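These notes are about the structure you will find just below.
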Amino acid sequence: MRIILPKEQIKGQRITISGEKARYLISVLRCNAGDELQVFDGEGSFYKSRISGVDNKEVKIDLLEKIPFDTESPLNLILMQGILKGEKMDLVIQKATELGVKEIIPAITGRSQVRETRKSARWRKIAEEASRQSGRTGIPKVHEPVDFSSWLIANSSLKLKGFIFWEEGGVTIQDARCRIQDKNLHPESCIVNHASPFFIAIGPEGGFTKEEVKLAESMGLIATSLGKRILRAETAAISAAALVQFLMGDMG
Ligand code: SAH
C-alpha cells in the first residue's frame with residue numbers, strides 16, 4: 001500500500017491523517033492497524049511505515065524509516081497537448097504521468113474545439129493519483145492552459161528542444177533524435193543533456209495547422225512523424241511519450 005503526503009505533513013514519528021487521504025486508506029485500500037504502508041513525500045523519498053490505529057475518520061501512522069528512492073526518469077520531458085474533449089484529456093494526463101512526463105502544458109491551438117476550460121484542478125488530481133498508483137516519487141506539474149502560438153512566441157528566447165508531432169510531413173523519430181544537438185556536447189553525438197527541458201507537442205483532434213508547425217520549427221522543435229497511419233491524438237501522445245522515454249529517458 002502506498003500514499004503520497006505533502007512533506008509538511010510528514011513530521012515526527014507518528015502522524016495522524018484525516019480527510020480525503022484517510023478515507024482513501026480506509027475505504028479503498030481497506031487498511032487495518034498493523035498493516036505496512038509506504039508514505040511518499042512526492043520529493044524523492046518514502047517512509048517505511050506501519051498503521052497503528054484506524055477509526056472512522058482518522059488513520060494513525062508510525063513512520064519507521066526514511067528511504068531515499070527515485071523512480072523519476074532522467075529526461076526532463078514536457079508534454080504540450082492540444083486540449084482534447086472530455087475524458088480523452090483525462091486519459092492523456094493519466095498515461096503521460098505513468099510514462100514519467102514531468103510537466104503537462106494544456107494548449108489551445110487554431111483547431112482546438114475546446115477553447116476554454118476550468119479543468120486544471122481535476123487534471124492535477126488525476127496526475128497526483130496516477131503518480132501514486134505508478135510509484136512515482138514526483139508529481140508532474142499541470143500548467144494552466146496556454147495559447148499555443150502565443151506561448152511559443154513568448155518563449156522564443158529559450159530555443160526550445162524537442163519534437164512537434166506532425167502527421168503531414170515530419171521526419172522519422174530516429175532522424176529527429178539525431179538532430180537534437182545540445183550545447184556543450186559533441187555536435188555529432190546523439191547524447192541529450194538531460195537537465196534541460198525536452199518538449200513533445202501533440203495537436204488536438206483536428207491536428208496542428210501548417211503555420212503552427214512552421215512556428216514551432218522556427219523556435220527549435222523538430223517536426224516528427226509517428227508513421228503513415230493517423231493516430232488519434234491520445235494514442236499519439238501516449239506513443240510519443242513512450243518512444244521518447246525509450247530513446248532518451250529510462251525505458252531503453
Ligand atoms: N487532423 C488530422 C489528425 C490529427 S491527429 C486528421 O484528421 O487527418 C491529432 C494529433 O496527433 C496530431 O496533431 C499529431 O500531433 C498527432 N499525430 C497523429 N498521427 C500522427 C502521425 N502519424 N505522426 C505524427 N503525429 C501524429
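Side notes on the structure shown:
- Shown is the FRET efficiency for LEU29 and ARG115, computed with R0 = 30 Å from the Cβ-Cβ distance and rounded to the nearest 0.05: 0.15.
- In order along region 112-120, phi translates into HN-Hα couplings of 5, 7, 8, 10, 7, 7, 10, 9, 4 Hz, rounded to whole numbers, per the Karplus curve 6.51 cos²θ - 1.76 cosθ + 1.60 with θ = phi - 60° and x for Gly and Pro.
- Entries in LYS7/LYS95; LYS119/LYS159; LYS141/LYS214; LYS161/LYS214; LYS141/LYS228; LYS21/LYS88 that, when Cα-Cα distance is taken, lie over 21 Å: LYS7/LYS95; LYS119/LYS159; LYS141/LYS214; LYS141/LYS228; LYS21/LYS88
- For region 206-220, the Karplus equation 6.51 cos²θ - 1.76 cosθ + 1.60, evaluated at θ = phi - 60°, returns couplings of x, x, 7, 7, 4, 4, 5, 5, 4, 4, 4, 5, 5, 8, x Hz by residue, with Gly and Pro reported as x.
- Dipole axis of region 117-165 (+1 Lys, Arg; -1 Asp, Glu on Cβ), positive-most option in PHE148, LEU158, SER131: SER131
- Over all orientations, the chain has a Cα convex hull whose mean projected area works out to 14.9 square nanometres.
- With a simple spin-label model that places each label point 7 Å from the Cα along the Cα-to-Cβ direction, the separation between GLU167 and SER218 comes to 2.6 nm.
- Simple label model, 7 Å out from Cα along Cβ direction - MET251 to GLN38, nm: 2.0
- Along region 161-174 the Karplus relation, 6.51 cos²θ - 1.76 cosθ + 1.60 evaluated at θ = phi - 60°, assigns HN-Hα couplings of 10, x, 10, 10, 7, 9, 7, 10, x, x, 7, 5, 5, 5 Hz to successive residues, with x for each Gly and Pro.
- Share of carbon and sulfur in the accessible area of region 2-68 stands at 44%, probe radius 1.4 Å.
- Amide H to amide H, with H built 1.01 Å from N, VAL146 comes under 5 Å of ALA107, ILE108, counting only residues 5 or more places away or on other chains.
- Net length available on complete extension from LEU5 to THR209 is 69.2 nm, with 0.36 nm assigned per residue and the Cα-Cα distance removed.
- Size of electric dipole in the chain: Cβ of Lys, Arg +1 and of Asp, Glu -1, about Cα centre, debye, nearest 20: 380
- In the chain, the DSSP-assigned H stretches of four residues or longer account for a calculated mean residue ellipticity at 222 nm of -8500 deg cm²/dmol, using -39500 (n - 2.57) per stretch and the full residue count as denominator.
- Max mean-square fluctuation residue, GNM over the chain, Cα-Cα springs under 10 Å, options ALA130, ALA33, ALA241: ALA33
- If the segment from ASP70 to LYS85 were pulled out straight at 0.36 nm per residue, it would be longer than the present Cα-Cα gap by 2.1 nm.
- The length gained by stretching the chain between SER156 and SER134 to full extension, at 0.36 nm per residue less their Cα-Cα distance, is 4.5 nm.
- Ordering VAL39, VAL114 by accessible surface, largest first, gives VAL114, VAL39; the 1.4 Å probe counts only protein heavy atoms, with every chain in place.
- Solvent exposure of the chain as accessible area per residue, Å², 1.4 Å probe: 51
- Label point 7 Å beyond Cα of LYS228 along Cβ direction - residues of region 155-174 with amide nitrogen under 17 Å: 167-173
- The Cβ shell under 11 Å around GLU205 holds other residues with a net charge of +3, Lys and Arg each +1, Asp and Glu each -1.
The values are calculated or read from the model by the stated rules, or taken from the named source; none is laboratory data. Because the structure is predicted, anything quoted here is derived from the model rather than measured. Here the Cβ is made from the backbone with ideal geometry for all residues, glycine too, and neighbour counts use every protein chain on show. SASA here: full protein model, heavy atoms, side chains in, ligands and nucleic acids out. Shrake-Rupley method; radii C 1.70, N 1.55, O 1.52, S 1.80 Å.
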